[in-house]
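**Student:** Okay, here's the structure, questions in a sec.
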Amino acid sequence: LTTMGESSIDPTISAADTTAQQDSLFSMTDVFLISLITGLFTYWFFFRKKKEEVPDLPKMQSVAAPVRDSSFIEKMKKTGRNIVVFYGSQTGTAEEFANRLSKDAHRYGLRGMAADPEEYDLSDLSRLSEIDKSLAVFCMATYGEGDPTDNAQDFYDWLQEADADLSGLRFAVFGLGNKTYEHFNAMGKYVDKRLEELGAQRIFELGLGDDDGNLEEDFITWREQFWPAVCEHFGVEATGEESSIRQYELVVHTDVNMNKVYTGEMGRLKSYENQKPPFDAKNPFLAQVTENRKLNEGGERHLMHLELDISNSKIRYESGDHVAVYPANDSSLVNQIGEILGTDLDTIMSLNNLDEESNKKHPFPCPTSYRTALTYYLDITNPPRTNVLYELAQYASDAGEQERLRKMASSAAEGKVLYLSWVVEARRNILAILQDMPSLRPPIDHLCELLPRLQARYYSIASSSKVHPNSIHICAVTVEYETKTGRLNKGVATNWLKSKVPDQNGSSSLVPMYVRKSQFRLPFKPSTPVIMIGPGTGIAPFIGFIQERAWLKQQGKEVGETVLYYGCRHEREDYLYREELARFQKEGVLTQLNVAFSRDQAEKVYVQHLLKKNKENVWKLVNEGMAHIYVCGDARNMARDVQNTFYEIVSEFGNMSQPQAVDYVKKLMTKGRYSLDVWS
């Protein structure tokens with residue numbers, strides 16, 4: 001429009017100029033009036049052009065965003081569904097549970113669909129009553145410090161602002177959380193409460209799954225009571241159909257253009273060969289590993305520092321953010337699965353959704369090879385969930401093995417105990433199950449359909465972008481342990497990262513990654529004191545924090561006290577970043593360095609013991625200095641013990657009762673002065 005406007009205006013101006021030159025006898029008033037009229041005419045002409053173009057815009061919009069894509073109601077009506085299961089999922093588990101519930105529906109003469117709330121307009125919930133025997137189920141995971149998952153953020157925002165009348169809506173909620181975190185199942189609880197406030201009718205009680213315990217058992221227990229409640233509410237009965245129903249059909253490609261085959265990309269085909277920003281979960285950046293060094297000097301473990309080159313990626317990060325990496329499964333595990341199932345892993349295939357209306361056309365990028373799927377797309381190292389065992393049971397030719405699988409997949413108490421001991425506690429992955437059940441030989445395509453997706457792994461960034469704008473640093477420990485069956489299980493991502501050796505050319509040092517923003521941030525004012533508590537690899541974000549405080553000091557800024565409480569097992573074995581920390585202390589950036597060596601003496605010493613030892617100084621920094629507190633590392637024990645220590649310090653020096661001290665610390669959290677970056 002601007003270009004058109006400019007080309008229309010130019011001739012008019014030149015005509016006015018010519019007139020002024022020809023008749024120089026005109027007074028200044030005449031020139032002014034002519035200019036004014038010309039200007040008004042030009043403005044009208046330009047404005048009129050804009051007006052003419054407006055009617056085309058809605059047409060363009062309607063093509064780009066068809067109504068049917070955002071209306072789950074229309075989709076349900078069109079496909080004869082009456083149950084919709086929305087999922088808020090960060091690692092794929094909530095999505096998996098939603099798929100299982102939607103699949104269950106057919107056993108009760110109902111039809112379900114799993115739905116990503118990010119893809120639909122959730123204000124349509126008020127219209128769900130237009131469908132007979134309709135029900136909305138929400139499988140909602142809680143992420144971070146009581147936050148919604150990325151795909152449920154818009155739904156959460158809508159719920160907070162909504163003034164909708166949901167009186168015709170029937171619903172149920174199952175939450176996925178972890179009791180080691182402060183805000184256990186906050187998202188599930190909020191959705192359940194808020195839907196009721198908006199007038200919706202709860203037809204079954206809120207389920208609270210605990211990933212610190214046995215999330216699978218929590219889900220099964222809730223599910224086995226949920227369906228009878230649905231039957232009672234709608235007056236329906238189980239049809240008795242317990243048969244396995246395939247969601248995808250196999251298509252083998254014998255004559256295929258290899259340029260059309262996925263080789264590990266997460267979204268766009270050939271995205272690893274032709275990289276285009278912006279980079280995110282569906283479009284990761286291939287970063288070159290420029291450094292990979294062992295941090296510890298002794299001991300059985302392997303602690304490492306990696307540096308990823310993000311030059312020319314346009315990726316920006318802040319100290320405290322997380323880097324997500326997409327790992328690959330160990331090729332020996334993949335090969336063993338192929339051998340056991342007698343499959344040519346290089347067969348090119350697609351798994352196509354039998355439900356043509358589904359937004360999810362394939363369980364993972366297709367077409368691809370079985371080798372690629374088992375290496376980059378599927379989780380083959382975690383113990384499989386009970387639904388996988390149930391579906392696989394039909395392929396066990398030995399009656400005893402088939403019965404054992406069905407029992408573990410059942411809701412019977414005996415079956416739950418067997419699943420817990422034989423699968424979960426023994427850490428049997430799918431390969432171990434196939435090895436220990438010689439008659440179980442499922443078709444590889446059905447196995448690929450059932451296995452969950454391999455998820456990205458998140459690490460706290462161990463660098464500051466002020467100091468390292470083109471590089472992201474990771475601090476990690478390789479996971480390796482022996483199971484009860486005598487097998488050696490290895491952590492997928494850490495062992496894969498360990499193998500990433502810097503090299504000038506070749507893919508052996510490339511890591512698919514993206515940055516996930518965090519709330520774990522340094523105070524806005526550099527003069528504010530900080531108390532950082534991070535034993536083990538929990539030191540990672542604090543290396544970034546200290547680098548940034550050093551940089552700020554170099555810029556002439558007034559930097560407040562920077563206090564670190566760090567812990568490791570032995571001073572001479574696993575004291576991470578010893579030289580760097582000593583240098584920061586010498587330069588006066590790190591004003592206090594308190595290190596607990598837990599196993600260098602008879603009695604174990606941890607970070608919380610050092611906090612107690614320095615309690616007077618800690619209280620002074622918090623109470624008078626308005627210090628910000630940061631805790632990073634293990635959620636189950638360390639973070640809880642540190643928090644309890646703060647309760648004690650606040651109670652003693654603030655002259656408060658225990659409940660008052662707890663309330664004081666909770667208020668620090670609310671104000672952003674007590675931040676956690678923890679994992680279990």
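The values are calculated or read from the model by the stated rules, or taken from the named source; none is laboratory data. This is a predicted model, so every value here is computed, not measured. Reconstructed Cβ throughout: ideal geometry from the backbone, glycine too, with neighbour counts over all protein chains shown. Note: areas computed on protein heavy atoms with side chains; ligands, DNA, RNA excluded. Shrake-Rupley method; radii C 1.70, N 1.55, O 1.52, S 1.80 Å.
**Student:** If you go through region 496-531 one residue at a time, how many are closer than 23 Å to Leu308 by Cβ, in contact (Cβ under 8 Å) with a residue 12 or more places away in the chain and open to solvent by less than 60 Å² (accessible area, probe 1.4 Å)?
**Tutor:** Residues in region 496-531 being closer than 23 Å to Leu308 by Cβ, in contact (Cβ under 8 Å) with a residue 12 or more places away in the chain and open to solvent by less than 60 Å² (accessible area, probe 1.4 Å): 15 in total.
**Student:** Return only the number of the condition from (1) open to solvent by 70 Å² or more (accessible area, probe 1.4 Å); (2) at pLDDT 95 or above; (3) touching a strand residue (DSSP E or B) at 6+ places or on another chain (Cβ under 9 Å); (4) within 30 Å of Leu488 (Cα to Cα) that Glu300 does not satisfy.
**Tutor:** With (1) open to solvent by 70 Å² or more (accessible area, probe 1.4 Å); (2) at pLDDT 95 or above; (3) touching a strand residue (DSSP E or B) at 6+ places or on another chain (Cβ under 9 Å); (4) within 30 Å of Leu488 (Cα to Cα) applied to Glu300, the lone miss is (2).
Conditions (1) free of Cβ contacts under 8 Å to residues at least 12 places away in the same chain; (2) in contact with a strand residue (DSSP E or B) (Cβ under 6 Å, 6 or more places away or on another chain); (3) under 24 Å from Glu652 (Cβ atoms); (4) not aromatic (Phe, Trp, Tyr), marked per residue:
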| residue | (1), (2), (3), (4) |
| --- | --- |
| Val563 | no, yes, yes, yes |
| Glu571 | no, yes, no, yes |
| Tyr575 | no, yes, no, no |
| Arg583 | yes, no, no, yes |
| Gln601 | yes, no, no, yes |
| Lys604 | yes, no, yes, yes |
| Gln608 | no, no, yes, yes |
| Lys612 | no, no, yes, yes |
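**Student:** Tell me yes or no: at least one residue of region 345-353 is in contact with a strand residue (DSSP E or B) (Cβ under 8 Å, 6 or more places away or on another chain), part of a loop (DSSP other than H, G, I, E, B), open to solvent by 20 Å² or more (accessible area, probe 1.4 Å) and farther than 30 Å from Lys517 by Cα.
**Tutor:** Yes, some residue in region 345-353 is in contact with a strand residue (DSSP E or B) (Cβ under 8 Å, 6 or more places away or on another chain), part of a loop (DSSP other than H, G, I, E, B), open to solvent by 20 Å² or more (accessible area, probe 1.4 Å) and farther than 30 Å from Lys517 by Cα.
**Student:** Let me ask something additional. Could you tell me whether Lys179 is on the phi > 0 side of the Ramachandran plot, basic (Lys, Arg) and at pLDDT below 95?
**Tutor:** No.
**Student:** Now a separate question. Which condition number in (1) touching a residue at least 40 places away in the same chain (Cβ under 8 Å); (2) open to solvent by 10 Å² or more (accessible area, probe 1.4 Å); (3) in a helix (DSSP H, G or I) is the one that Met187 fails?
**Tutor:** Going through the list (1) touching a residue at least 40 places away in the same chain (Cβ under 8 Å); (2) open to solvent by 10 Å² or more (accessible area, probe 1.4 Å); (3) in a helix (DSSP H, G or I), Met187 breaks only (2).
**Student:** Would region 590-603 turn up any residue that is touching an Asp or Glu at 6+ places or on another chain (Cβ under 7 Å), of a type in the set (D, E, K, R) and farther than 24 Å from Phe184 by Cβ?
**Tutor:** Within region 590-603, one or more residues are touching an Asp or Glu at 6+ places or on another chain (Cβ under 7 Å), of a type in the set (D, E, K, R) and farther than 24 Å from Phe184 by Cβ.
**Student:** Only one of these conditions is not met by Gly177: (1) open to solvent by 20 Å² or more (accessible area, probe 1.4 Å); (2) under 21 Å from Glu96 (Cα atoms). Which number is it?
**Tutor:** (1)
So that you can scan it fast, the table gives a plain yes or no per residue for (1) open to solvent by 70 Å² or more (accessible area, probe 1.4 Å); (2) more than 24 Å from Glu307 (Cβ to Cβ); (3) in contact with a Cys (Cβ under 7 Å, 6 or more places away or on another chain); (4) in a helix (DSSP H, G or I):
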| residue | (1), (2), (3), (4) |
| --- | --- |
| Ile546 | no, no, no, yes |
| Lys553 | yes, no, no, yes |
| Val559 | no, yes, no, no |
| Leu564 | no, no, no, no |
| Gly567 | no, yes, no, no |
| Glu580 | no, no, no, yes |
| Leu593 | no, no, no, no |
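**Student:** Mind checking which residues of region 624-647 are closer than 26 Å to Thr537 by Cα, free of Cβ contacts under 8 Å to residues at least 40 places away in the same chain and open to solvent by 50 Å² or more (accessible area, probe 1.4 Å)?
**Tutor:** Correct list: Asn637, Asp641, Asn644.
**Student:** Also: Just wondering, is there one or more residues in region 483-495 that are farther than 17 Å from Leu333 by Cβ, touching a Ser or Thr at 6+ places or on another chain (Cβ under 7 Å) and open to solvent by 40 Å² or more (accessible area, probe 1.4 Å)?
**Tutor:** no
**Student:** Would it be correct to say that Leu215 is on the phi < 0 side of the Ramachandran plot and touching a Gly at 6+ places or on another chain (Cβ under 8 Å)?
**Tutor:** Here the answer is yes, as Leu215 does meet what is asked.
**Student:** So which pairs qualify, if the first residue must be in region 650-671 and of a type in the set (Phe, Trp, Tyr), the second must be open to solvent by less than 40 Å² (accessible area, probe 1.4 Å) and in a helix (DSSP H, G or I), the Cβ gap must be under 6 Å, and the two must be at least 6 apart or on different chains?
**Tutor:** Final answer for the pair search is Phe653/Trp619; Tyr664/Val650.
**Student:** Pull up region 307-341, narrow it to residues that are open to solvent by 70 Å² or more (accessible area, probe 1.4 Å) and without any contact (Cβ under 8 Å) to a residue 60 or more places away in the chain, then point me to the one that is nearest to the chain's Cα centre (by Cα).
**Tutor:** Going through the qualifying residues, I end up with Lys314.
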